[in-house]
Amino acid sequence: MNVNNMPCIHKHILSIFALKPMFKSRKMKNLLLCSLWGLFGLLLYTGSVHAQNNITSPMKDVNNVIDNTLDSLNKARTARPVAGASRKGNNPVLFLVGNSTMRTGTLGNGNNGQWGWGYYAGDFFDTDKITVENHALGGTSSRTFYTRLWPDVLKGIRPGDWVIIELGHNDNGPYDSGRARASIPGIGKDSLPVTIKETGVKETVYTYGEYMRRFVQEAKAKGAHPILVSLTPRNAWEDKDSTIVTRVNKTFGLWAKQIAKEQKVPFIDLNDISARKFEKFGKEKVQYLFYLDRIHTSAFGAKVNAESAAEGIRAYKGLELANYLKPVAKDTITGSSRKKGRPVLFTIGDSTVKNNDKDENGMWGWGSVIAGEFNLNKISVENCAMAGRSARTFLDEGRWDKVYNALKPGDFVLMQFGHNDGGDIHVGKARGELHGSGEESKVFLMEATGKYQVVYTFGWYLRKFIRDVKEKGAIPVVLSHTPRNKWKDGQIERNTDTYGQWAKDAAEKAGAYYIDLNKLSADKLQQMGPEKAAAFFNNDHTHTSLQGARMNARSIVEGLKATDCPLKKYCTD
């Protein structure tokens, strides 16, 4: 406290001492003493206010994302795991400490369409060696997690456990009102006594760095291994035309890194690992990695961040936690037909693309015979379709990921869905999507799994496939689905106004080639008539015979030749 900064108070004190000889009676002396104590109290108060005025203002809440999870803290406590309850024998536990980017919402179950990466983190670890507990809670800052939730987490920590800490998204706003969750910016030892305006509760606020320091030190005191992690990246870009994701490492990421260095613990730059992926994906693809806002991730984005966290752990030299990760799965089948200097043509779709494809008198998909339409000395063909799948379930089951990971620049993808995409969405086979080709989506509770899932339109899934293909430097070709052997008044059924149109819309919007396979083959069948057309189907009105599969393959080539798609130069004639 620097009294030289308070000249007015000095003057009053000096004036009292100058009058001291005049205070001869006990009453007057007591009056002098009270005056001195009063002024001393004023001096202390003024000094305190002066010190508080030197405290850095809290970070401004620029995101305007309303997250009231802490308003239901008691409910959240019942939803979160009891610390250490997942432990198997003497195996260690990995505790995750964070906010809504790690565990979204009170229950963390995706019922709002948002998911935190902590939900998927366990998928990357060997559960026979370690268990993962997600103790994060949406809406928490380093300050509120430390004061309200950390004591319960500490109770379950044992020597040899691991603790990953990723906080900072919510360390903003006022110190003493509203959600009152702000920490003092920086890593210093500053502190600020506050009284929460709404409740009257008194609390001392510390710097972000001090809270992180305490997490680390208290975890170490329990014999655990703490790891600090930077924040997840947001869907924010440097400028309108930039391909550079805005980094947040100049503040919380930097401070977490500094504390990690100070405390000699590992630091994983999750922000940088995921942001580099975002920049590779491009703005359009990154849009669907988030849901409802630019901070909280969809299931897609949460999986990306969980994978990035695992990659960061694996890449950190000497970090023993990497020993508990599952081996990186390698697909040795998809793309195995590739010959040096030659592209691969991948086909994806349902049973009309890939069926049993063995018995000449059985059911066949066109994807198993289309190789005969291409010069296999210049290109190879792989049929990756699967019977019974819609565009959504082909994605959900990880089948698309295998193709995506195998794609190389110059490859081609023929995609055809629609036969199974109009069924039930969340009950029964649960493979349908929303109708149309727009950006609409809706959260459903899946009857079979009891889990929530965001379901998009048919066209949305096709656009995702298209953009993924283009991102890898390959060439997407969208097909309308094969015609069915269904007739009315002598006319074969077509899908011109529904899935055919939605497929065309998706191709045009995302920039893919489009072939109206439905029309090309339906025209041929129409010319034959119902009786002759029957030979092109097997078992029912949807699945084709070998003859029907070959007809559809030829229709695709005909449609291909009517475009300027580079794939046509690999055709046999």
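The values are calculated or read from the model by the stated rules, or taken from the named source; none is laboratory data. As the structure is a prediction and not an experimental result, all values here were calculated from the model. Note that we place each Cβ from the backbone using ideal geometry, even for glycine, and neighbour counts take in every protein chain shown.
A compact table of results
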quantity	calculated
Positions within segment 197-229 being farther than 18 Å from Phe95 by Cβ and either surrounded by 15 or more Cβ atoms within 10 Å (Cβ to Cβ) or of a type in the set (Lys, Arg) (or both), in sequence order	Lys197, Lys202, Glu203, Val205, Tyr206, Thr207, Tyr208, Gly209, Glu210
Some residue of segment 141-156 being touching a His at 6+ places or on another chain (Cβ under 8 Å), of a type in the set (Val, Ile, Thr), more than 23 Å from Asp269 (Cα to Cα) and surrounded by 21 or more Cβ atoms within 10 Å (Cβ to Cβ)	yes
Residue among Asn235, Asn271 that is out of contact with any Cys (no Cβ under 9 Å at 6 or more places or on another chain) and part of a loop (DSSP other than H, G, I, E, B)	Asn235
Residue in segment 200-212 that is under 27 Å from the mean Cα position of the chain (by Cα), of a type in the set (Val, Ile, Thr) and closer than 19 Å to Val97 by Cα present	no
Flag for Lys402 being modelled with pLDDT under 95, surrounded by fewer than 21 Cβ atoms within 10 Å (Cβ to Cβ) and under 23 Å from the mean Cα position of the chain (by Cα)	no
All positions within segment 196-231 that are at pLDDT 95 or above and hydroxyl-bearing (Ser, Thr, Tyr)	Thr204, Tyr206, Thr207, Tyr208, Tyr211, Ser230
Residue in segment 439-459 that is buried (at least 18 other Cβ atoms within 10 Å of the Cβ) and within 23 Å of Lys354 (Cβ to Cβ) present	yes
Residue in segment 406-415 that is over 20 Å from Asp516 (Cβ atoms), of a type in the set (A, V, I, L, M, F, W, C), part of a loop (DSSP other than H, G, I, E, B) and touching a helix residue (DSSP H, G or I) at 6+ places or on another chain (Cβ under 8 Å) present	yes
Among residues of segment 361-399, those that are of a type in the set (Val, Ile, Thr) and either part of a loop (DSSP other than H, G, I, E, B) or in contact with a Cys (Cβ under 6 Å, 6 or more places away or on another chain) (or both), counted	2
Residue selected from segment 176-188 under the condition in a loop (DSSP other than H, G, I, E, B) and at pLDDT 95 or above, by the criterion farthest from Ile295 (Cα to Cα)	Gly188
Segment 511-534, subset in contact with a helix residue (DSSP H, G or I) (Cβ under 6 Å, 6 or more places away or on another chain) and without any contact (Cβ under 8 Å) to a residue 60 or more places away in the chain, residue farthest from Thr457 (Cα to Cα)	Ala533
Restricting segment 416-426 to residues that are in contact (Cβ under 8 Å) with a residue 40 or more places away in the chain and either part of a strand (DSSP E or B) or of a type outside the set (Phe, Trp, Tyr) (or both), the residue that is surrounded by the most Cβ atoms within 10 Å (Cβ to Cβ)	Gln416
In segment 277-329, the residues that are touching a helix residue (DSSP H, G or I) at 6+ places or on another chain (Cβ under 9 Å), surrounded by fewer than 16 Cβ atoms within 10 Å (Cβ to Cβ) and either under 15 Å from Tyr120 (Cα atoms) or of a type in the set (Lys, Arg) (or both)	Lys280, Arg314, Lys326
Some residue of segment 203-219 being part of a loop (DSSP other than H, G, I, E, B) and assigned by TED's automatic domain parsing to the domain that holds Lys317	no
Val194 surrounded by 20 or more Cβ atoms within 10 Å (Cβ to Cβ) and part of a strand (DSSP E or B)	no
Gly122 farther than 30 Å from Val328 by Cα, free of Cβ contacts under 8 Å to residues at least 40 places away in the same chain and either of a type outside the set (Ser, Thr, Tyr) or surrounded by fewer than 18 Cβ atoms within 10 Å (Cβ to Cβ) (or both)	no
Number of the exception - Lys129 against (1) outside any loop (DSSP other than H, G, I, E, B); (2) out of contact with any Lys or Arg (no Cβ under 7 Å at 6 or more places or on another chain)	(1)
Checklist (1) of a type in the set (Lys, Arg); (2) part of a helix (DSSP H, G or I); (3) within 15 Å of the chain's Cα centre (by Cα) applied to Arg143, failing item	(3)
Boolean, Phe536 is over 41 Å from the mean Cα position of the chain (by Cα) and surrounded by 21 or more Cβ atoms within 10 Å (Cβ to Cβ)	yes
Any hit, segment 361-375, residues being at positive phi and in contact (Cβ under 8 Å) with a residue 40 or more places away in the chain	no
Candidates Lys280, Lys326, Lys257, Lys240 - the one that is of a type in the set (Lys, Arg) and either free of Cβ contacts under 8 Å to residues at least 12 places away in the same chain or within 23 Å of Gly110 (Cα to Cα) (or both)	Lys240
Qualifying residue in segment 245-266 (condition: touching a Phe, Trp or Tyr at 6+ places or on another chain (Cβ under 8 Å), among the aliphatic types (A, V, I, L, M), under 17 Å from Val304 (Cα atoms) and part of a loop (DSSP other than H, G, I, E, B))	no
Residue tally, condition outside any strand (DSSP E or B), touching a residue at least 60 places away in the same chain (Cβ under 8 Å) and farther than 10 Å from Ile165 by Cα, over segment 220-230	3
Verdict on Lys408 being assigned by TED's automatic domain parsing to the domain that holds Ala512, out of contact with any Phe, Trp or Tyr (no Cβ under 9 Å at 6 or more places or on another chain) and either buried (at least 20 other Cβ atoms within 10 Å of the Cβ) or of a type in the set (D, E, K, R) (or both)	yes
Residue within segment 498-514 that is under 16 Å from Ile370 (Cβ atoms) and buried (at least 20 other Cβ atoms within 10 Å of the Cβ) present	yes
